[in-house]
1. Write out, first by first residue and then by second, each pair whose Cβ atoms fall under 7 Å of each other, whose residues are 6+ apart or on separate chains, and whose first residue, in segment 81-100, is touching a residue at least 12 places away in the same chain (Cβ under 8 Å) while the second is assigned to a helix (DSSP H, G or I) and among the basic types (Lys, Arg).
2. List the number of the failed condition for Val75; all other conditions in (1) in contact with a helix residue (DSSP H, G or I) (Cβ under 9 Å, 6 or more places away or on another chain); (2) part of a helix (DSSP H, G or I) hold.
3. Identify all residues within segment 20-47 that are under 12 Å from the mean Cα position of the chain (by Cα) and assigned to a loop (DSSP other than H, G, I, E, B); write none if there are none.
Amino acid sequence: MDEVRDMAGGGQEGAASPVEAETRERVIAVIVKEGMLERDRLKPDATLSDLQIESIDVVQILMGLEDEFGVYIPVDGPLASVTRFGELVDVLAGIVSASAARPAR
């Protein structure tokens, strides 16, 4: 559980700002809900295969994140090479943060 809390705080890259930590925590919460995962199984170095996260689960997670944050998250791009849970959180939190930082049109 501490490892997931550490990931929400920015993981090994150092301390995240409160906004970044909140974004990461919300991303993790959506992954847990949409992927129907037990939070205590989530370790940064766990593979998606170890967690039994299939491609359909990823689609459900992305749809949940799109609803939660009001952003579009493409399946290709940086997500295509993700194999570990920590990477998944990093990539998704980065996409959400970048989308929030863009000015509205």
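1. Cβ pairs passing all conditions: Val89/Arg24; Ala93/Arg24.
2. (2)
3. Of everything in segment 20-47, those that are under 12 Å from the mean Cα position of the chain (by Cα) and assigned to a loop (DSSP other than H, G, I, E, B) turn out to be Gly35, Leu42, Pro44.
Each value in this text was obtained by applying a stated rule to the coordinates, not by laboratory testing. Computed from a predicted structure; not experimentally measured. So basically every Cβ, Gly included, is an ideal-geometry build from the backbone, and we count neighbours across all protein chains shown.
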